Amino acid sequence: MRSVDLSRVTIVIPTFSRPNFVIRQFKFWRETTAQVVILDGTPTPMEIPVEVLADNVRYVHTEMSFNQRLANGWRYVSTEFCALLPDDEFLLPSGVAAVVRHLDENPDTIGCVGRCLYFFVDQDRFLMSHAYRDWRQFPDSAVNAAERFEFDLPPNKTHMTMYGIFRFEQWRKIFETSCRTFFSCGYTYERLMNLQRTALGRTEILDDLLWMRSKENPPVVSSQLPRWGKHSFVSWARSPDFALEIAEFRRRAFGIINETGISLEQVERFEERFFEGGVARQESKDKRARQSIRFRLTRLLLAYSPHSIRQVAKRFLPSAILRHLDWEGYGLKKIGYDLTRLRTRFNLEELRRIEELSLDLDRHRRTIEAR
């Protein structure tokens with residue numbers, strides 16, 4: 001298999017007030033040649049320990065808001081390919097190499113996602129579980145924008161764009177267009193990203209393990225990224241308080257679709273499916289969630305409870321509930337067996353390295369909490 005120079009790829013990592021996870025990123029990426037840019041939006045810059053500094057990892061302190069950091073991330077990139085990564089998560093170098101190799105061999109493909117695992121640490125055990133196995137591939141027949149819109153827009157759906165690896169020009173367009181305006185709902189940006197991706201070209205799902213999604217922290221919710229209550233997507237989209245934002249959101253979507261050169265009738269129909277169809281699908285999803293164990297217990301136990309209560313809950317709750325809470329996971333041996341059975345390519349040593357770094361950080365956090 002042809003080797004790939006990872007210095008052709010830049011990983012852009014936005015962060016805010018999570019220095020331990022920033023240091024973990026330094027430790028992980030310094031062992032590679034991938035270019036990494038960490039964009040820190042905290043008011044006061046952090047000091048990076050000298051022992052973890054690396055030539056291929058840049059720390060940039062900027063007081064830009066979250067959406068501005070995403071919209072302007074391309075300004076820190078000088079490589080052929082780029083990707084976005086949350087500060088507590090990982091992209092696997094072997095998966096990154098597989099994507100670059102695939103893009104080199106398929107010039108008409110603008111970007112790729114790979115397979116994903118959730119991970120977390122529980123009682124000094126590094127555990128994982130499968131994620132997003134329901135993602136759908138664009139069919140070979142979807143060769144133009146209209147055909148891709150038909151397959152991707154509600155009630156249909158393909159796969160997530162945000163954490164894929166893209167060619168630079170397409171990555172820049174996706175993030176600059178989708179994130180340059182602040183919206184009072186943090187779920188708007190990813191929807192625009194998916195739409196822009198579908199407009200720009202074909203993306204593919206590779207059967208290579210690429211993304212390790214962290215369950216170590218509760219979801220980020222802040223004034224820069226509001227998501228709950230009246231800021232949930234359905235509440236926001238139906239609120240007269242946000243009428244101007246909604247109009248701008250729909251105008252942005254209309255422009256993205258219209259740039260593909262399809263007929264005005266098609267543009268209007270696809271924009272309607274994007275917005276009204278998207279709201280309807282989310283309403284249905286939210287309704288199912290409100291009736292589920294996951295919705296009731298996740299907010300009570302996962303998002304708000306201290307670590308000690310979570311441990312008691314894990315001891316006494318049935319395994320079915322734990323699965324809904326993403327608290328049930330498996331070790332390397334079981335996950336390795338599953339990935340092999342699913343014919344997903346992976347690098348065991350990379351998973352062991354993530355296990356080591358995650359356990360070290362968890363022990364450090366518990367030591368601090370115990371003081």
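The values are calculated or read from the model by the stated rules, or taken from the named source; none is laboratory data. The model shown is predicted, which means the values in this text are computed figures rather than measured ones. Backbone-built Cβ (ideal geometry, glycine too); neighbour counts: all protein chains shown.
Here D5 meets the list (1) over 20 Å from L357 (Cβ atoms); (2) free of Cβ contacts under 8 Å to residues at least 24 places away in the same chain almost entirely, failing just condition (2). Could you check, for segment 268-275, whether at least one of its residues is part of a loop (DSSP other than H, G, I, E, B), more than 23 Å from Y163 (Cβ to Cβ), free of Cβ contacts under 8 Å to residues at least 40 places away in the same chain and in the same structural domain as S184 (by TED's automatic domain parsing)? No, that holds for no residue. Being part of a loop (DSSP other than H, G, I, E, B) and surrounded by fewer than 15 Cβ atoms within 10 Å (Cβ to Cβ) is a property that G261 has.
Checked against the criterion of being within 21 Å of R353 (Cα to Cα), assigned to a helix (DSSP H, G or I) and free of Cβ contacts under 8 Å to residues at least 60 places away in the same chain, segment 30-48 has no qualifying residue.
Here segment 343-371 is the region considered, the condition is being surrounded by 15 or more Cβ atoms within 10 Å (Cβ to Cβ) and of a type in the set (D, E, K, R), and the residue that is farthest from F126 (Cα to Cα) is R345. Counting residues in segment 288-295 that are of a type outside the set (A, V, I, L, M), in a helix (DSSP H, G or I), farther than 30 Å from E369 by Cα and at pLDDT 95 or above gives zero.
Whether a residue is of a type outside the set (F, W, Y), outside any loop (DSSP other than H, G, I, E, B), assigned by TED's automatic domain parsing to the domain that holds L85 and touching a helix residue (DSSP H, G or I) at 6+ places or on another chain (Cβ under 6 Å) was assessed, and A253 passes this test. Note on segment 82-200: enclosed helices (runs of 4 or more DSSP H) holding 2 or more residues that are buried (at least 18 other Cβ atoms within 10 Å of the Cβ) and of a type in the set (S, T, Y) are 168-179, 188-200. Scan segment 345-362 for residues that are assigned to a helix (DSSP H, G or I) and of a type in the set (S, T, N, Q) and jot them down. Answer for segment 345-362, where residues must be assigned to a helix (DSSP H, G or I) and of a type in the set (S, T, N, Q): just S358.
Out of all the residues in segment 5-19, is one or more farther than 26 Å from R227 by Cα and in a strand (DSSP E or B)? Steps first, answer last, please.
The initial filter retains those residues of segment 5-19 that are farther than 26 Å from R227 by Cα, namely 5-10.
Okay, now just the ones that are also in a strand (DSSP E or B), so 9-10.
Yes; the residues of segment 5-19 include at least one that is farther than 26 Å from R227 by Cα and in a strand (DSSP E or B).
No other residue among G261, G278 is of a type outside the set (S, T, N, Q), in the same structural domain as R148 (by TED's automatic domain parsing), within 18 Å of F233 (Cα to Cα) and at pLDDT 95 or above apart from G278.
Of note, R365 satisfies the criterion of being at pLDDT below 95, within 29 Å of V22 (Cβ to Cβ), part of a helix (DSSP H, G or I) and assigned by TED's automatic domain parsing to the domain that holds M212. Among the residues of segment 116-153, those that are touching a Gly at 6+ places or on another chain (Cβ under 8 Å), under 30 Å from E356 (Cβ atoms) and not acidic (D, E) comprise Y118, F119, F120, R125, F126, L127, M128, S129. For segment 201-219, give me the residue count where each residue is in a loop (DSSP other than H, G, I, E, B) and closer than 17 Å to F175 by Cβ. Number of matching residues: 1. Among the residues of segment 217-236, write down those that are closer than 23 Å to C116 by Cα and surrounded by 15 or more Cβ atoms within 10 Å (Cβ to Cβ). Correct list: V220 only.
Residues that are out of contact with any helix residue (DSSP H, G or I) (no Cβ under 6 Å at 6 or more places or on another chain) and among the aliphatic types (A, V, I, L, M) within segment 39-53 comprise I48, V50, L53, listed in sequence order. Filter segment 1-15 down to the residues that are under 18 Å from R69 (Cα atoms) and either surrounded by fewer than 18 Cβ atoms within 10 Å (Cβ to Cβ) or in contact with a Pro (Cβ under 8 Å, 6 or more places away or on another chain) (or both) and list them by number. Result: I13, P14.
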